[in-house]
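Taking it in order: structure first as structure tokens, then the write-up.
Laboratory data are not the source of any read-out in this text; all were calculated from the coordinates shown. Predicted, not measured: the structure shown is a model, and the values here were computed from it. Positions of Cβ are generated from backbone atoms using ideal geometry, with glycine treated the same way; all protein chains shown enter the neighbour counts.
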Amino acid sequence: MLRIAKEALTFDDVLLVPAHSTVLPNTADLSTQLTKTIRLNIPMLSAAMDTVTEARLAIALAQEGGIGFIHKNMSIERQAEEVRRVKKHESGVVTDPQTVLPTTTLREVKELTERNGFAGYPVVTEENELVGIITGRDVRFVTDL
């Protein structure tokens, strides 16, 4: 049975008339309670549609205080990968970066870049010691793979 917890409005329910306001933009609170335990800083949600939400949009919404629902029109493995990408993206700080070995070929780095959507990889030894970094600039113009 569907219960309505409290009144909610959608875009078509509200009409804003241009006029002077005493509310300052930095004091306006647009937050909304999504569930009993989840509060969003902005009332923005994306639809769980294959033409709308995958990791890229979910990350962008999360950075602004909203939430994106990953669609289900893909394999379970791909859904898990999309969610993993969103959860791994923490305000530009990668806490557990994907790394490559010094023996990794440029072809493999380019494949990783296409698959992951980013081009910078720390280069580490077998003992996980940092020895360098390879970026998109390092492989951008390489054609003889």
Legend entry - Nitroxide proxy distance, nm - points 7 Å out along Cα→Cβ at Met49 and Glu90: 3.4
Legend entry - Simple label model, 7 Å out from Cα along Cβ direction - Glu7 to Asp138, nm: 5.9
Inset, instruction - Using just the helices of the chain, give the 222 nm mean residue ellipticity in deg cm²/dmol: DSSP H runs with n ≥ 4 each add -39,500 (n - 2.57), and the total is spread over all residues, rounded to 500. - result: -7500 deg cm²/dmol
Legend entry - Ranking of Ile133, Ile38 by count of other Cβ atoms within 10 Å, fewest first: Ile38, Ile133
Inset, instruction - For Met44, list long-range residues whose amide hydrogen, built 1.01 Å from N in the peptide plane, is under 5 Å from its own amide hydrogen. - result: Ile67
Legend entry - aspartates and glutamates with Cα under 19 Å of Lys6, excluding same-chain neighbours fewer than 8 positions away: Asp29
Legend entry - Simple Cβ-charge dipole of the chain, Lys/Arg +1 and Asp/Glu -1, about Cα centre, in debye nearest 20: 380
Inset, instruction - Round to the nearest 10 and give me the degree value, 0 to 90, for the angle of helix 55-64's Cα axis relative to the longest principal axis of the chain. - result: 50
Inset, instruction - Quote the Stokes-Einstein diffusion coefficient, in whole µm² s⁻¹, for the stretch 1-42, based on the Kirkwood radius over alpha carbon pairs, a temperature of 4 °C and a viscosity of 1.567 mPa s. - result: 98
Inset, instruction - With log10 I(q)/I(0) by the Debye sum over Cα atoms at q = 0.12, 0.20 Å⁻¹ defined as stated, name the option among (1) -0.58, -1.19; (2) -0.50, -1.41; (3) -0.73, -1.31 computed from the structure displayed. - result: (3)
Inset, instruction - Mind listing the long-range amide H neighbours of Ile134? Cut-off is under 5 Å, sequence gap 5 or more, other chains count too, H placed in the peptide plane at 1.01 Å from N. - result: Tyr121, Val123
Legend entry - Anchor Lys87: lysines whose Cα lies under 28 Å away (excluding residues fewer than 8 positions away in-chain): Lys36, Lys72, Lys110
Inset, instruction - Would you kindly state how much longer the chain becomes between Leu130 and Arg107 on full extension, computed as 0.36 nm times their sequence separation minus their alpha carbon distance, in nm to one decimal? - result: 6.2 nm
Inset, instruction - Give a residue-ordered list of calculated ³J(HN,Hα) values for the stretch 7-14 (Karplus: 6.51 cos²θ - 1.76 cosθ + 1.60, θ = phi - 60°; whole Hz; x for Gly, Pro). - result: 4, 9, 10, 10, 3, 6, 7, 10
